[in-house]
1. Is at least one residue of region 95-107 farther than 29 Å from residue 41 by Cα, hydroxyl-bearing (Ser, Thr, Tyr) and surrounded by 18 or more Cβ atoms within 10 Å (Cβ to Cβ)?
2. So in region 176-225, with the set limited to residues that are more than 16 Å from the chain's Cα centre (by Cα) and hydroxyl-bearing (Ser, Thr, Tyr), which one is farthest from residue 138 (Cα to Cα)?
3. Does region 1-52 hold any residues that are farther than 19 Å from residue 86 by Cα, touching a Leu at 6+ places or on another chain (Cβ under 8 Å) and crowded, with 19+ Cβ neighbours inside 10 Å, and which are they?
4. Please enumerate the residues belonging to region 205-227 that are in contact (Cβ under 8 Å) with a residue 24 or more places away in the chain and either surrounded by 15 or more Cβ atoms within 10 Å (Cβ to Cβ) or more than 23 Å from residue 108 (Cβ to Cβ) (or both).
5. Is at least one residue of region 127-150 outside the structural domain of residue 27 (by TED's automatic domain parsing), hydroxyl-bearing (Ser, Thr, Tyr), under 17 Å from residue 19 (Cα atoms) and in contact (Cβ under 8 Å) with a residue 60 or more places away in the chain?
6. Return yes when residue 247 is assigned to a helix (DSSP H, G or I), in contact (Cβ under 8 Å) with a residue 40 or more places away in the chain and over 22 Å from the mean Cα position of the chain (by Cα) and no when it is not.
Amino acid sequence: MVGLCALVGLMVGSFLNVVIHRVPAGESIVAPRSRCPRCGTELANRDNIPVVSWLLLRGRCRTCDAPISPRYPIVEALTAVLFAAVAARIGFEAELPAFLVLTAFLVALSAIDLDTFLLPKKVVWPAFFSGVVLLGGAAIYDGDERGAVEAAAGAALAFGILFVIHFVSPKGMGFGDVRLAAVLGLHLGYLELPMVGLGLFLSFLVASVVGIALMVAKKRGRRDRVPFGPFLATGTMLAVLFGEPILRVYLGR
């Protein structure tokens, strides 16, 4: 199961590269086929194998020898690793598809936010509604009323907390982050409601550590903008993967 999810993650990661590149540009993610941005040559199937093709081509276009960003294999490999990790953590349970889909959305949104400082509604809303459908289906299949209730409460709680922060400091917290918080709260709440608080805490903790490190390295100043979406995604994934033992220790279970 873990190996299969990793393989699926590689293929999904290849598609996410299309989403990351085309959605901010307002282009279709369905057509045309992937092309070299420099010479416009349509990529053959052999040049579209996740990670492998980039390595065999040594990071260059077969036709014009233009460099291909290493972000492409990084996104593919990262998605595969995260899919495997989530599968190992969740197991063969009804909610596994929901958390794999969440993982894919988080990878895409993080990369888009890093590039554009935006979390597009056309990506965030599908992430939310897919979570509602998949987690709702899992709750019905398992007869898990608790999960459904706490998922709804988690979405409202996370949205409310970040909405207050946005209201107090709109320049420091964009509304895209507020929307994304509802997605994260929905999924973490399904695991258990305290996971929502842990996920948000880890998000702000990682953001603080990285922010301080960037200032020490003189890569950013106090007033420079830093996209918060990737930190929300990181905190969420840490909570999904390691939240249970953390809460066990913290709550003394």
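1. Filtering region 95-107 for residues farther than 29 Å from residue 41 by Cα gives 95-103, 106.
With the extra rule that they be hydroxyl-bearing (Ser, Thr, Tyr), the set shrinks to 103.
Those still in the list that are surrounded by 18 or more Cβ atoms within 10 Å (Cβ to Cβ) too: 103.
So far as region 95-107 goes, yes, one or more of its residues are farther than 29 Å from residue 41 by Cα, hydroxyl-bearing (Ser, Thr, Tyr) and surrounded by 18 or more Cβ atoms within 10 Å (Cβ to Cβ).
2. Checked region 176-225; the qualifying residue farthest from residue 138 (Cα to Cα) is 208.
3. 47, 50
4. Here is the first cut: in region 205-227, the ones in contact (Cβ under 8 Å) with a residue 24 or more places away in the chain are 205-207, 225, 227.
If the condition is that a residue be in contact (Cβ under 8 Å) with a residue 24 or more places away in the chain and either surrounded by 15 or more Cβ atoms within 10 Å (Cβ to Cβ) or more than 23 Å from residue 108 (Cβ to Cβ) (or both), then 205, 206, 207, 227 are the ones that fit.
5. No.
6. Numbers: assigned to a helix (DSSP H, G or I): yes; in contact (Cβ under 8 Å) with a residue 40 or more places away in the chain: yes; over 22 Å from the mean Cα position of the chain (by Cα): yes.
Considered against the rule, which asks whether it is assigned to a helix (DSSP H, G or I), in contact (Cβ under 8 Å) with a residue 40 or more places away in the chain and over 22 Å from the mean Cα position of the chain (by Cα), residue 247 comes out as yes.
The values are calculated or read from the model by the stated rules, or taken from the named source; none is laboratory data. Just so it is clear, the structure is predicted and the values come from calculations on it, not from any experiment. Positions of Cβ are backbone-derived with ideal geometry, glycine not excepted, and every protein chain shown enters the neighbour counts.
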